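The values are calculated or read from the model by the stated rules, or taken from the named source; none is laboratory data. Small disclaimer: the values here were computed from a predicted structure and weren't measured. Note: ideal-geometry Cβ built from the backbone for every residue, glycine included; neighbour counts use all protein chains shown.
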Amino acid sequence: MSRLESMRILKEFRRLRDGINWEIQAERYHLIRALYPLIGGSDNGERKSLVWCNFQNCFSPELIEILLCDSASADHYNEDEAVRYIDFITNSGHRDEPKCDQGGALLLRRTTSIHLAARREQWDMVDALFAVYDRYDANYADERDGLTHFHAACMSGSNEDVEKFLESGLDLAILQQGATCESPFYCALRYGRTEVAEKLLEAKGFDRSTVGEDACAVLRSFGRTDSQDELNLMEEIIVFCNRLRSMEIKICDKSGNTPLHWAVINCNWQVCQFMLNNGEDANTANNEGCTPLHVICKADQSTFSMRSMILLLCHGANGNLADAEGSTPVHLICKEQATATAVSFFELADFLGRQLQVNARDRLGRTPLHLSLAESDKEAIVALLLRRGADPNSSDAENATPLHYACKGSRADDVVRVFFDTCHELNLLVLIDTRDNEGHTPLQTAVAHCWPNVVGMLLARHPDVSSFKFPAASRFVEPPRDWYDRPIDQLDPASRLLVCVEHLEREGYELLPSDAATIMRLFVKTGLLERSVNANECQSFAADAQRVVLDDNGTLTLHDLMRYSPEQAIREITLTDYYARLWRSGTMASLSNGHESIKTLALHLCEKMSRAFWRRWATDSFSLLVQRRLPTEMCDFIIKDLSYQQLSNICEAALYLYQ
């Protein structure tokens, strides 16, 4: 090779080196692309030696390191090209030389191209780079989270490099505890490098105490996947985990969750099937006593897998095992899952000959029937449990029966109706006067939650009204926030409360002044009657209101009710009919001329239907305050135009006189 050719190559290297701004990464990428044709393609040994020599003469070790890092981190490079480039640098004689501090100790906190290539899972590049970083006593840790060259060797599955690190006297104990990244064992197993993992298990100084946790974390890391490559890799790891168990290594995380728990959590039913077919115990519990069947029975709809549930039951999962809270899978599926899922659960258990305990109690004494009655849309599950022998009168730790739970549910009407109808069908006696530890009956609970239809159903079964005590104001429960889908929905509880009172009075309950004061306080607290509404504000509804019929005879329309005085309105329609035909039927919701306008109409109607109640009690309270010296008619005339707040104040002032 002529001297002229050597000078030409050197000149081209210098031109490329000096023609870029080394601070700009894009320009460095362009340089690497330009170098590729110069460093490859020729089989002429003399020319290759000349290129290698000139490359080292032109590029300093610092610049070579920069180019190596760029090659390892750029997504747009072909890995084969990058490996050829690394081989070229290796053949040129370049080797990394670790720096030392003043005391002679190696400075090992530094991000190298090996770290960058390993994070991009470029394993051929990692293997090639170990020829550049050939000092195995220099186990560089990157500046991000402490990932070391040894981690990278474990990830790439390079048995030779792993062996050299171990022979160099690498302290595995310090390495396992010191870094914030995953352990070398985790890194090896995560990429299916089982030979490396076995080598680590036998290595001097390796701490086996975290192996089970690492193995579980590896399987958990895959998440939900349909990739056949990942599924095959997971199966390989599962087989390796079975070998670990033969070494008496427990495979679980800190919470006691096994790989099977995580397969269920991640909806990996294929992995779940593989584990169960390879001997995984379907009834292994975590630290909270939850088996995989517990986990799936309380999963939300996005993570529930019917296939996994079927697999677990078919492989011996016990539906009657209790977790630390005393909950069985039956408790959880009746509370958390859709009706069809619960029905399938029971049917499959029947098919497999498994007897499910429907009267099992959790730590709070609750049965599955308690829990299903407390939820909405669980009517079919309630009927299913009763038909399978659930006790309708079982009491929890607070002596509350399933009926107590139903009366405070979020949508009580339908579930209570199904409960009573099914019990009647099965000829089951329901105790409706049972008191919980606070002395409350189901009737009191229904009133406190303002469920008029439930109150009506309870009263139809003849509870002991003579011992009924109206709930204190503190017991009344405000509906959940999601109840208020629109502004008019805020008025529904007010209507429901007055209908409950009407039901009670119809059955002989005499409302006490303190009861009336409680009701008034609740109205004032809601702010629903904070202003008087002019009927003229509601005229935009006149046409629609004329089509809404409120009585069976077809003579009373909503338009008529809007024009009546409160006294006339209450004579024409009861509060019960008002609630049933306007609120319960959805008529108010169908009048959709704009939220604020509907709220105006609703306030107007609420004022009409409640005014009579307020005036009745305020009139009597005012009469008591004036020591009964004025006729009732005169008292009523005096207070008739007062605001709701003023009427409430009169009742409050007279309350101590009643007592």
Review point. Does Ala72 meet the test of being part of a helix (DSSP H, G or I), at pLDDT 75 or above and touching a Leu at 6+ places or on another chain (Cβ under 8 Å)?
Key: yes
Practice item. Could you list all residues from segment 592-643 that are crowded, with 19+ Cβ neighbours inside 10 Å, of a type in the set (A, V, I, L, M) and either at pLDDT below 80 or farther than 22 Å from Leu498 by Cα (or both)? Key: Ile598, Leu601, Ala602, Leu603, Leu605, Met609
Review point. Restricting the search to segment 181-196, which residues are surrounded by 17 or more Cβ atoms within 10 Å (Cβ to Cβ) and under 18 Å from Glu167 (Cβ atoms)?
Key: Pro184, Ala188, Val196
Study note, to complete from the structure: Of the listed residues (Asp413, Asp350, Asp362), the one being of a type outside the set (Val, Ile, Thr) and more than 23 Å from His440 (Cα to Cα) is Asp350
Practice item. Of the numbered conditions (1) of a type in the set (A, V, I, L, M, F, W, C); (2) crowded, with 18+ Cβ neighbours inside 10 Å; (3) within 20 Å of Leu369 (Cβ to Cβ), Phe476 fails exactly one; give the number of that condition. Key: (3)
Review point. Taking segment 75-91 as the search range and keeping residues that are aliphatic (A, V, I, L, M) and under 20 Å from Leu16 (Cβ atoms), which one is modelled with the lowest pLDDT?
Key: Ala82
Study note, to complete from the structure: Checked pairs for segment 76-92, first within 20 Å of Ala26 (Cα to Cα) and of a type in the set (Gly, Ala, Ser), second modelled with pLDDT under 80 and part of a loop (DSSP other than H, G, I, E, B), C-beta under 9 Å and 6 or more apart or across chains, list as Ala82/Ala74
**Study point:** Residue list for segment 396-444, restricted to those being polar (S, T, N, Q) and under 30 Å from the mean Cα position of the chain (by Cα)
**Key:** Thr401, Ser410
Check your understanding: Taking into account only those residues within segment 85-108 that are among the acidic types (Asp, Glu) and closer than 15 Å to Tyr136 by Cα, which is surrounded by the fewest Cβ atoms within 10 Å (Cβ to Cβ)?
Key -> Glu97
Exercise for review: Filter segment 129-165 for residues that are surrounded by fewer than 19 Cβ atoms within 10 Å (Cβ to Cβ) and either closer than 22 Å to Gly192 by Cα or under 42 Å from the mean Cα position of the chain (by Cα) (or both) and give the result.
Suggested key: Glu143, Arg144, Asp145, Gly146, Asn159, Glu160, Glu163, Lys164
Check your understanding: Is it the case that some residue within segment 149-156 is assigned to a helix (DSSP H, G or I), among the small types (Gly, Ala, Ser) and closer than 28 Å to Asn54 by Cα?
Key -> no
